[in-house]
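**Q** The structure under discussion is supplied below as structure tokens; questions concerning it will follow.
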Amino acid sequence: MAEGSGNVNVSPGDLPPGDPQLIGMIVEHLKNHGLFDEFRRDCLADVDTKPAYQNLRQKVDNYVTSHLSTQDWNPSINKNQMRNGLRQSVVQSGMLESGVDRIITQVVDPKMNHTFRPHIETAIHDFLSGEKRDGAFGSNCAPSEQLDLQEAPPAPGPKTP
């Protein structure tokens with residue numbers, strides 16, 4: 001019965017490529033080494049310079065101004081209720097969803113193959129080689145291919161070991 005709860009003592013080398021437990025172990029390794037935080041900082045550093053962000057910010061500013069211009073102000077108004085109503089209205093408008101998609105296209109997508117992928121592949125390789133040094137995963141394919149994580153073709157140019 002304890003098998004269903006997950007074995008914490010399982011070596012990555014004992015798990016088949018694509019196994020959810022192996023993927024979980026790798027993701028935890030990436031988190032513990034701050035890779036996701038590094039990616040987040042990298043993206044946030046230039047998000048406000050992209051046209052998609054500037055357009056979304058302008059749309060939201062205009063929407064808020066328009067919404068507030070229709071509200072009657074009095075000192076006894078429940079500001080939290082008004083804020084929540086405005087928040088709901090902005091979310092229901094759909095502008096955030098489409099705007100965020102455009103921001104991702106302009107900020108994250110260009111970094112995917114040239115910045116994120118090499119870091120992730122190196123971290124996966126280090127994780128797997130650190131756990132299983134005898135080459136049980138095979139030497140003829142990269143860790144990302146074995147884990148079925150490949151979503152886009154690899155970046156052109158020489159591969160680093």
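The values are calculated or read from the model by the stated rules, or taken from the named source; none is laboratory data. Note that the coordinates shown come from a computational prediction; the quantities given were computed from them, not determined experimentally. Side chains included, ligands, DNA and RNA excluded: accessible areas come from the protein's heavy atoms. Shrake-Rupley method; radii C 1.70, N 1.55, O 1.52, S 1.80 Å.
**Q** Tell me, what % of the accessible area of the range 8-54 is carbon and sulfur with a 1.4 angstrom probe?
**A** Percent of accessible area from carbon and sulfur atoms in the range 8-54: 55.
**Q** Could you tell me the accessible area of Val91 in Å² (1.4 Å probe, neighbours in place), rounded to the nearest ten?
**A** Surface open to solvent at Val91 totals about 90 Å².
**Q** Hey, another quick one. Compute, for Glu28, the solvent-accessible surface of its heavy atoms (probe 1.4 Å) with the complete set of protein chains present, and express it in square angstrom to the nearest 10.
**A** Rounded to the nearest 10, the figure is 90 Å².
**Q** Using protein chains only and a probe of 1.4 angstrom, how many square angstrom of Arg57 are accessible, to the nearest 10?
**A** Taking all protein chains as shown, Arg57 has close to 130 Å².
**Q** Counting alpha carbon pairs within less than 8 Å and at least 6 residues apart, what relative contact order, in whole percent, applies to the range 1-134?
**A** Taking the mean separation of contacting Cα pairs over the length of the range 1-134, I get 41 percent.
**Q** Then there is this: Could you report the range 66-109's accessible area per residue, 1.4 Å probe, as an integer in Å²?
**A** Result: 75 Å² of accessible area for each residue.
**Q** From the square roots a ≥ b ≥ c of the eigenvalues of the alpha-carbon gyration tensor of the range 18-67, which class results: rounded (a/c under 1.5), prolate (a/b over b/c), or oblate?
**A** Taking the square roots of the gyration eigenvalues as a ≥ b ≥ c, the range 18-67 is prolate.
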